[in-house]
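Written out below as structure tokens is the structure these notes cover.
The values are calculated or read from the model by the stated rules, or taken from the named source; none is laboratory data. Since the structure is predicted, the reported quantities are computational estimates derived from the model, not experimental observations. Don't worry about glycine lacking a Cβ; one is built from the backbone with ideal geometry, like all the others, and counts go over all protein chains shown.
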Amino acid sequence: MSRQEQQERIPIQLLKEGTTETKGKDAQKNSFAAVKLITQVIRSSLGPRGMDKMLVGSSGDVTITSDGATILKEIDIEHPIAKILVEVAKSVDSEAGDGTKSVVVLAGALIENAEELFNKDIHPTIIVDGFRAASKNAIEYLKKISIEIDPKNKSFLNKIVMTSLASKMVITNSQVLSAIVIDAALKVADKSQENKFKIDIDDIKVEKKTGGSLRDTRLVQGIAIDKEISHAGMPKKIQGARIVLLNSALEIEKTKSDSKLNINSPDQMQNYLNEEERMLRSMVDRISATGANVVLCQKGIDDIVQHYLSKEGIIAVRRIKESDMSKLSKATGARIVTNTDELSKDDIGLAELVEERKIETDKWVFIEGCKNPKSVTILIRGGSQRLVDEAERSIHDALMAVKCAIEYPYVVVGGGAAEAIVSRKLREWSASLGSRQQLAAERYADAVESIPLAWAENAGMSVIDTQAELRTKSKEASKTRYGIDVFKGKVADLSSRDIYEPLTVKNQVINSATEAACMILRIDNIISAAAPMGGQPPAGPYGGMPEY
């Protein structure tokens with residue numbers, strides 16, 4: 001046997017021992033199965049009539065929610081393909097705040113429809129090209145049917161918030177929450193030179209406390225701090241507050257290096273104590289000289305300083321979070337000062353009222369009545385911890401919906417009406433294609449239509465009848481606003497029901513779902529590293545995706 005023949009017989013081990021590899025159609029079918037499973041979990045919770053999920057953590061913590069981002073975050077997913085959808089949903093949540101369930105359902109429908117083409121031996125690259133071309137056209141159609149709004153029109157913003165809250169557990173109190181959300185967003189909105197608005201959601205502090213009902217939720221024109229006044233002798237309430245913000249301690253700083261002080265007599269000890277007290281007293285004098293009557297400190301306050309501040313009738317609150325200090329600066333107009341030696345009257349912030357109040361068993365300090373606050377607080381109340389947690393998630397989604405509408409003031413009719421029109425337009429456009437991409441474009445149109453059909457299915461409507469009626473009415477030029485009225489269980493003109501959604505959310509869902517589906521379709525090889533020593537390989541029928 002020649003040397004060349006011997007070398008050809010030697011097996012080549014490319015991967016580390018224990019590594020598993022799935023190739024070709026097996027890898028793609030594995031990916032498709034994982035996507036289908038995660039889509040099934042989310043699909044049933046889509047829309048106002050969607051079902052809630054009870055999520056039980058490893059420690060026994062229970063979360064009841066219909067919020068897509070929360071569901072995906074709490075589920076402990078192992079399958080790498082399913083994790084792609086989770087990451088996409090998280091990015092949509094952070095960018096648009098809403099549409100997390102829609103993006104998973106649309107991506108799942110795209111993969112499911114692509115699988116049909118895949119089984120007909122149409123190459124994934126052709127499917128991907130067709131999907132991307134269709135998504136580009138879908139974005140264009142959405143812009144054409146969108147409505148431009150006045151970003152400061154509270155009446156129209158209320159329609160958007162009410163639509164966002166319609167699928168939440170807090171729907172019975174949505175009118176109260178809507179007014180609070182809109183007022184908060186408009187308070188912190190900054191107008192640029194191009195007459196466009198910018199909103200930083202971090203400027204809206206959301207605090208929650210059990211007790212009372214959701215109707216007791218309110219907007220504080222300033223900041224609420226979950227701290228109490230640091231000294232019992234200080235006033236509990238001050239009208240016409242002049243506020244100092246300090247991010248350094250009102251204490252004698254310890255030396256950074258080791259040092260020793262020799263005291264040989266009681267007089268020396270007394271002199272040492274007197275000098276320390278004089279230094280602390282000088283800090284209070286510098287604060288008092290500015291006319292300030294409220295001190296909010298990020299770090300500690302010495303007991304002696306607290307005593308002198310109380311004698312001056314000055315309120316002091318210590319150990320405030322850095323994030324709250326930044327919000328207090330924006331709300332009151334005060335400048336955060338590092339050293340009391342640099343403190344001047346120009347650094348003072350103003351508020352109509354600073355008051356300590358008892359919220360249930362805790363004491364909180366409220367800084368209210370700021371003239372033009374660029375940071376405000378929403379204080380959520382509710383009968384149980386789970387209710388206030390869900391209210392917090394709902395308010396976050398509503399704030400993001402308002403943010404999207406104010407920053408990019410275009411909306412479309414909700415309830416699946418926009419998707420129905422886009423689906424019809426894509427079918428008409430696909431007929432002009434003369435290649436296999438036409439099949440991919442048609443499947444893309446079917447996937448877009450799956451969103452309103454999921455709404456109808458979760459409302460107990462007949463999917464077949466709804467699909468036929470929706471397609472018929474969407475063809476009529478004068479009736480392009482027909483979608484799924486889940487509360488009446490029929491196809492109806494939803495513009496008359498004031499159901500609108502921001503165009504930004506729709507664009508984000510289309511783009512993100514398409515990118516996720518195309519990424520998954522292009523995977524033809526899954527290589528899984530060997531389990532660590534003593535570890536177990538992932539469980540589940542699809543390499544780590546748990547069965548539901």
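State all residues of the range 432-467 that are farther than 16 Å from THR39 by Cα and hydrophobic (A, V, I, L, M, F, W, C); if no residue qualifies, say none.
Across the range 432-467, the qualifying residues are LEU433, LEU439, ALA440, ALA441, ALA445, ALA456, ALA459, MET461, VAL463, ILE464.
Filter the range 410-446 down to the residues that are among the polar types (S, T, N, Q) and surrounded by fewer than 24 Cβ atoms within 10 Å (Cβ to Cβ), then identify the one that is farthest from GLU140 (Cα to Cα).
Here is the first cut: in the range 410-446, the ones among the polar types (S, T, N, Q) are 423, 430, 432, 435, 437-438.
Next, from what is left, pick out any that are surrounded by fewer than 24 Cβ atoms within 10 Å (Cβ to Cβ): 430, 432, 435, 437-438.
Numbers: SER430: 15, SER432: 17, SER435: 22, GLN437: 19, GLN438: 18 Å.
Selected residue: SER435.
If you take the residues of the range 467-492 that are over 11 Å from ALA456 (Cα atoms) and among the acidic types (Asp, Glu), which of them is modelled with the lowest pLDDT?
By that ranking, first place goes to GLU476.
From the residues in the range 145-166 that are of a type in the set (D, E, K, R) and part of a helix (DSSP H, G or I), which one is nearest to ARG481 (Cα to Cα)?
Restricting attention to the range 145-166, the residues satisfying the condition of being of a type in the set (D, E, K, R) are 148, 150, 152, 154, 159.
Going one step further and asking which of them are part of a helix (DSSP H, G or I), we end up with 154, 159.
On the way: LYS154: 22, LYS159: 15 Å.
Among those that are of a type in the set (D, E, K, R) and part of a helix (DSSP H, G or I), it is LYS159.
Select from the range 325-343 the residues that are at pLDDT 90 or above and in a helix (DSSP H, G or I) and write down the one among them that is surrounded by the fewest Cβ atoms within 10 Å (Cβ to Cβ).
SER326
From the list SER310, SER375, pick out the single residue that is among the polar types (S, T, N, Q), modelled with pLDDT of 90 or more and surrounded by fewer than 20 Cβ atoms within 10 Å (Cβ to Cβ). Break it down stepwise before answering.
Details: SER375 fails: surrounded by fewer than 20 Cβ atoms within 10 Å (Cβ to Cβ).
It is SER310.
Only residues that are within 20 Å of the chain's Cα centre (by Cα) and surrounded by fewer than 18 Cβ atoms within 10 Å (Cβ to Cβ): list them for the range 378-388, please.
Scanning the range 378-388 gives GLN385, ARG386.
Do any helices (runs of 4 or more DSSP H) lying entirely in the range 60-144 carry at least 1 residues that are assigned by TED's automatic domain parsing to the domain that holds ASN511, of a type in the set (Lys, Arg) and within 27 Å of LYS29 (Cβ to Cβ), and which ones are they? Walk me through how you get there before you give the answer.
Working: elements: 68-74, 80-95, 100-119.
Those helices (runs of 4 or more DSSP H) span 80-95, 100-119.
Could we say that ARG471 is surrounded by fewer than 18 Cβ atoms within 10 Å (Cβ to Cβ), in a helix (DSSP H, G or I) and either in contact with a strand residue (DSSP E or B) (Cβ under 9 Å, 6 or more places away or on another chain) or in contact (Cβ under 8 Å) with a residue 24 or more places away in the chain (or both) here? Break it down into steps so the answer makes sense when it comes.
Working: surrounded by fewer than 18 Cβ atoms within 10 Å (Cβ to Cβ): yes; in a helix (DSSP H, G or I): yes; either in contact with a strand residue (DSSP E or B) (Cβ under 9 Å, 6 or more places away or on another chain) or in contact (Cβ under 8 Å) with a residue 24 or more places away in the chain (or both): yes.
Taking the combined requirement at face value, the residue satisfies it.
Considering only the range 414-424, I want to know if a residue exists there that is in contact with a strand residue (DSSP E or B) (Cβ under 9 Å, 6 or more places away or on another chain), among the aliphatic types (A, V, I, L, M) and not assigned by TED's automatic domain parsing to the domain that holds ILE71.
Within the range 414-424, none of the residues are in contact with a strand residue (DSSP E or B) (Cβ under 9 Å, 6 or more places away or on another chain), among the aliphatic types (A, V, I, L, M) and not assigned by TED's automatic domain parsing to the domain that holds ILE71.
Listed residues VAL354, VAL337; which is under 19 Å from ASP226 (Cα atoms) and of a type outside the set (Ser, Thr, Tyr)? Steps first, answer last, please.
Working: VAL337 fails: under 19 Å from ASP226 (Cα atoms).
Exactly one residue qualifies, and that residue is VAL354.
Pull out all pairs, ordered by first then second residue, where Cβ-Cβ is under 9 Å, the residues are six or more apart or on different chains, the first lies in the range 244-262 and is farther than 15 Å from ALA292 by Cβ, and the second is modelled with pLDDT under 70.
Between residues of the range 244-262 that are farther than 15 Å from ALA292 by Cβ and residues that are modelled with pLDDT under 70, the close pairs are LEU261/TYR272; ASN262/GLN268.
Restricting to the range 376-408, name every residue that is under 25 Å from GLN221 (Cβ atoms) and outside any helix (DSSP H, G or I).
If the condition is that a residue be under 25 Å from GLN221 (Cβ atoms) and outside any helix (DSSP H, G or I), then VAL376, THR377, ILE378, LEU379, ILE380, ARG381, GLY382 are the ones that fit.
Can you tell me which residues in the range 160-179 are modelled with pLDDT of 90 or more and either surrounded by 21 or more Cβ atoms within 10 Å (Cβ to Cβ) or within 30 Å of ALA431 (Cα to Cα) (or both)?
ILE160, VAL161, LEU177, SER178
Does GLU322 qualify as being more than 38 Å from the chain's Cα centre (by Cα) and either among the charged types (D, E, K, R) or crowded, with 18+ Cβ neighbours inside 10 Å (or both)?
Working: more than 38 Å from the chain's Cα centre (by Cα): no; either among the charged types (D, E, K, R) or crowded, with 18+ Cβ neighbours inside 10 Å (or both): yes.
It is false that GLU322 is more than 38 Å from the chain's Cα centre (by Cα) and either among the charged types (D, E, K, R) or crowded, with 18+ Cβ neighbours inside 10 Å (or both).
Every residue in the range 355-375 that is in a strand (DSSP E or B) and of a type in the set (D, E, K, R), please.
Initially, the range 355-375 is screened for residues in a strand (DSSP E or B), giving 355-359, 362-368.
If the condition is that a residue be in a strand (DSSP E or B) and of a type in the set (D, E, K, R), then GLU355, GLU356, ARG357, LYS358, ASP362, LYS363, GLU368 are the ones that fit.
From the set of residues in the range 109-151 that are farther than 24 Å from ILE421 by Cα and among the β-branched types (Val, Ile, Thr), which is surrounded by the most Cβ atoms within 10 Å (Cβ to Cβ)?
My answer is ILE122.
With (1) closer than 25 Å to GLY68 by Cβ; (2) over 25 Å from the mean Cα position of the chain (by Cα); (3) modelled with pLDDT of 70 or more as the list, and PRO538 as the residue in question, which single condition is left unmet?
Of (1) closer than 25 Å to GLY68 by Cβ; (2) over 25 Å from the mean Cα position of the chain (by Cα); (3) modelled with pLDDT of 70 or more, only one is false for PRO538: (3).
Yes or no: GLU116 under 21 Å from LYS506 (Cβ atoms) and either of a type in the set (Asp, Glu) or in contact with a Phe, Trp or Tyr (Cβ under 7 Å, 6 or more places away or on another chain) (or both)?
Numbers: under 21 Å from LYS506 (Cβ atoms): no; either of a type in the set (Asp, Glu) or in contact with a Phe, Trp or Tyr (Cβ under 7 Å, 6 or more places away or on another chain) (or both): yes.
The answer is no for GLU116.
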